[in-house]
Structures are given as structure tokens and as C-alpha cells.
1. Quick check for segment 1-52: number of Lys pairs with alpha-carbon distance under 16 Å, counting only pairs 8 or more apart or on different chains?
2. If you take the Cα Rg of segment 1-52 and divide it by 2.2 N^0.38 Å, with N the number of residues, what do you get?
Amino acid sequence: MKCKTLHKKLIFFLEGDLPDKEQKEVREHLEHCADCAAFAQEMKKTLGILELEKSPEVTPFFYTRVKARLENQEEKAEERVGSPVWERVLQPVLFSLLLLAGIYGGFKIGEPAVPEYSPATYAKNELIPFLNDMQTEPLETFLMEQNNGN
Ligand SMILES: [Zn+2]
């Protein structure tokens, strides 16, 4: 058996989930391969720790609890290097408030609730005055032409 193959099967070996033949192959490999034996020791330790976490009534929350523990460790690490709370929490909140204020402000001055970059706003601010000019001027020209014709 190759070391790589063994590493894949090791967790099942430690749980005793392998067929007898493979269980024996892994055991024999571990007797002759120091690297794999050391790896097996590490994995056994890890499984031992996980085993302590297990208890029948909390099985669904098992991973949540492990995750929480890992996050606590991360938080401690972050405290060491210094991680300002506002960057992680207040900044997104502030951003949301600014966004809301922007939308609210948009409503307040009677603009339609469209972002400033939208084609609709472009049309309203740039195109409509232009169209108004187009509409009034030809009308006047038209009327003048009518008068001239008579
Ligand atoms: Zn090996």
C-alpha cells in the first residue's frame, strides 16, 4: 500500500471502519513506515479531542460548537494584532445608513427612486429639456410659416 493511499484510509482505519483485509494492510504499513506512524498518531490525537466533544444530545450542534471554539481562538489572535471593532461591524452599518440616507434623501427632494446613474434619471435631466426645446421651437416655426403662407 502506498503512503498516499494509507493517508486516505487512515481515518477509517482508526475508526475501525475498514474491511478486515485493509485494516490489516494499514496496520502492517504503520509498523514499517515511520512517517505514516507519526501521521497516524497525530490523527488519533485529533480524533481523541473530537471524541471528547461528542455527546448524544448535542450531536447536531457538534460542529457549531467546534466552530465557535475556533472562532474564539481567532478572536484572541486578532486582539493581539489589534482589530478595531468599527472596521468589522460599524463600517458596514455606517455604509448601510449612508445608503438609506441617500435613498431617503432622493425621495425627499421629489426625485423618482432611481439611482443617479440610471438611464431614467439621465433622460429626465438631460434629454427632456432637450425634447422640450425641440417641441416648442418647431411649433413656433410652424405657426410663423402658417402666418407667412397666408
Ligand atoms: Zn507510509
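1. The result is 8.
2. It is 1.06.
No value in this document is a laboratory result; all are computed from the given coordinates. Remember, it's a predicted structure, so these values are computed and weren't measured experimentally.
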